[in-house]
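K.L.:
Could you have a look at this structure, given as structure tokens, before my questions?
The values are calculated or read from the model by the stated rules, or taken from the named source; none is laboratory data. Remember, it's a predicted structure, so these values are computed and weren't measured experimentally. Cβ atoms come from the backbone with ideal geometry, glycine included; neighbour counts cover every protein chain shown. Areas reflect the complete protein model, heavy atoms only, side chains present, ligands, DNA and RNA absent. Shrake-Rupley method; radii C 1.70, N 1.55, O 1.52, S 1.80 Å.
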Amino acid sequence: MKRTVVVTGSTSGIGLGIARAFAAEGANIVINGFGDAAEIEKVRQSLETSGGKAIYHAADMSKPAEIADLIATAEREFGGIDVLVNNAGIQHVAPVEEFPIEKWDLIIAINMSSAFHTIRAAIPGMKAKKKGRIINIASAHGLVASPFKSAYVTAKHGVLGLTKTVALETARDGITVNAICPGYVLTPLVEKQIPDTAKARGISEDQVKNDVMLHLQATKEFVGIDQVAALAIYLASDAAAQVTGTSISIDGGWTAQ
Ligand code: NAD
């Protein structure tokens, strides 16, 4: 039986890597996110080469009604959702007293509340089938903080609370709920924040990469997108049936300190 996998924010970066990894196993995929329509269509087609079907849903993860439609569409098209990956996320870097209020609201909505909305909509279907896997892409910033990222750090800490709570609520229903906490992965999200961090700290962009981002990443290497995807594949496997309500760090030793 083909699995159906929904990955929010999967037109780029980690989400796309996760979608590709599940597609390579022949799963049906629902991708979501922003971007150029022709590019997205190319990505969608490339996700069908291993035999699964792929559809694109344009839900804005800051809009609860659109999120509900994303889940309903996946269920209607494929007869249910086996794996839900909450990955969509944005970043804004600024001192708290200058943090734009609308950016705070948007980051809380996209990085945290969207996972509540997808989970809320997907759980009844998973409960009915007595199986389901929910994987929340949190961050090392779900466990520890860095200055100038108040909204992001708050949202990611919140995602870990949601992960634990829903895991307890669904533990007898064949559903597992876990979070992955990556350190720095070189994706468009990270590349975009390099100039802002340089400005906020008054340092060069090279210094941001080496002295800020990789400062606490003990391996001094960025985490690979494929490495995060492999962890998601594991959490969705039968071997991980007893892994629930937890977070797994993949951060080059960052949060060991
Ligand atoms: P990215 O910018 O490459 O991708 C983000 C994706 O989310 C894109 O597909 C984008 O279109 C989508 N998106 C943004 N706003 C959206 C919205 N309103 N509705 C729907 N989709 C939306 O970023 P990434 O680095 O791949 O990040 C993916 C996730 O991983 C995020 O939750 C991020 O916080 C988390 N993360 C990233 C890193 C890192 O170092 N890159 C580290 C830890 C955690």
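K.L.:
Cα-based Rg (one decimal) and Dmax (whole number) for segment 44-89, in Å?
P.N.:
Final numbers for Rg and Dmax: 11.5, 32 Å.
K.L.:
Which of the lysines could be linked to Lys103 by a straight reach, that is with a Cα gap under 25 Å, when you skip same-chain ones fewer than 8 residues away?
P.N.:
Reachable lysines: Lys63, Lys149, Lys156, Lys192, Lys199, Lys209.
K.L.:
For Ser62, what charge total do you get from the other residues with a beta carbon under 13 Å from its beta carbon, if Lys and Arg give +1 and Asp and Glu give -1? Kindly include the intermediate steps, with their values, before the conclusion.
P.N.:
Details: positive: Lys63, Lys103; negative: Asp60, Glu66, Glu102, Asp105.
That sum, taken over residues with Cβ under 13 Å, equals -2.
K.L.:
Still on this structure, I have one more. Would you work out what percent of the accessible area of the chain, with all protein chains in place, is carbon or sulfur (probe 1.4 Å)?
P.N.:
55 percent
K.L.:
So what's segment 117-186 giving for Rg/Rh, alpha carbon basis, Kirkwood Rh from the mean inverse pair distance? List each step's numbers first, then the result.
P.N.:
Values: Rg = 13.6 Å, Rh = 12.9 Å.
So for segment 117-186, dividing Rg by the Kirkwood Rh gives 1.06.
K.L.:
May I ask for the net charge around Gly252, where only other residues with Cβ less than 11 Å from the Cβ of Gly252 are counted and Lys, Arg are +1 while Asp, Glu are -1?
P.N.:
-1
K.L.:
Angle, helix 150-170 long axis vs. longest principal axis of the chain, Cα atoms, 0 to 90°, nearest 10?
P.N.:
The two axes meet at around 30 degrees.
K.L.:
Assigning unit charges at the beta carbon (Lys, Arg +1; Asp, Glu -1) and nothing else, what dipole magnitude in debye, to the nearest 20, does segment 141-225 show about its Cα centre? Working shown, then result.
P.N.:
Details: 9 positive and 8 negative charges, 35 e Å.
The calculation lands at about 160 debye.
K.L.:
On a 1.4 Å probe surface of the protein chains, which of Arg20, Arg172, Arg133 comes out largest in accessible area, and what is the full order? Spell out each step's value before the answer.
P.N.:
Values: Arg20 105, Arg172 215, Arg133 30 Å².
Ranked from most to least accessible, the order is Arg172, Arg20, Arg133.
K.L.:
Among the lysines, which fall within straight-line cross-link reach of Lys129, defined as a Cα-Cα distance under 17 Å, with same-chain neighbours fewer than 8 residues apart omitted?
P.N.:
List returned: Lys2.
K.L.:
Any idea what angle helix 188-201 forms with the longest principal axis of the chain, computed on alpha-carbon atoms, 0 to 90 degrees, nearest 10?
P.N.:
20 degrees
K.L.:
Further question on the same structure: Quick check: net charge around Gly174, other residues with Cβ under 12 Å of its Cβ, Lys/Arg +1 and Asp/Glu -1?
P.N.:
On the way: positive: Lys127, Lys129, Lys130, Lys131, Arg133, Arg172; negative: Asp82, Asp173, Asp238.
Its environment carries a net charge of +3.
K.L.:
Just the accessible area for His57, please: 1.4 Å probe, Å², rounded to the nearest 10?
P.N.:
Approximately 30 Å² of His57 is accessible to the 1.4 Å probe.
K.L.:
As a test of the definition: which semi-axes, in Å, follow for the chain when you take the square root of five times each eigenvalue of its alpha carbon gyration tensor? Largest first, please. Each step should come with its number before you reach the end.
P.N.:
Values: eigenvalues 170, 74, 65 Å².
Three semi-axes, in Å: 29, 19, 18.
K.L.:
Now, a different point. With springs connecting C-alpha atoms under 10 Å apart, model the chain as a Gaussian network and identify which of Ile90, Ile137, Ile119 has the largest mean-square fluctuation.
P.N.:
Largest GNM mean-square fluctuation: Ile90.
K.L.:
Same structure again: Which angle from 0 to 90°, rounded to the nearest 10, does the C-alpha axis of helix 114-129 make with the longest principal axis of the chain?
P.N.:
Computed tilt is about 20 degrees.
K.L.:
Still on this structure, I have one more. Would you mind getting the accessible area per residue of the chain, heavy atoms of the protein chains only, 1.4 Å probe, in Å²? Please report the intermediate quantities before stating the final value.
P.N.:
Values: 11530 Å² over 257 residues.
On a per-residue basis, 45 Å².
K.L.:
Taking +1 at the Cβ of each Lys and Arg and -1 at the Cβ of each Asp and Glu, which of Asn32, Ser114, Ala232 sits farthest along the dipole of the chain towards its positive end, judged by Cα position relative to the Cα centre?
P.N.:
Going by the charge dipole, the pick is Ala232.
K.L.:
Continuing with the same structure: Can you list the lysines whose alpha carbon sits under 17 Å from that of Lys42, skipping same-chain ones fewer than 8 residues off?
P.N.:
Lys53
K.L.:
Let me ask you something else. In deg cm²/dmol, rounded to 500, what helix-only [θ] at 222 nm does the chain give when every DSSP H run of at least 4 residues adds -39500 (n - 2.57) and the total is split over its residues?
P.N.:
Values: 8 runs with 106 residues, N = 257.
Taking each H run of at least 4 residues, the total per residue is -13000 deg cm²/dmol.
K.L.:
Given Asn210, Ala171, Ala128, which one lies farthest toward the positive end of the charge dipole of segment 116-221, if we put +1 on the Cβ of every Lys and Arg and -1 on the Cβ of every Asp and Glu?
P.N.:
Ala128
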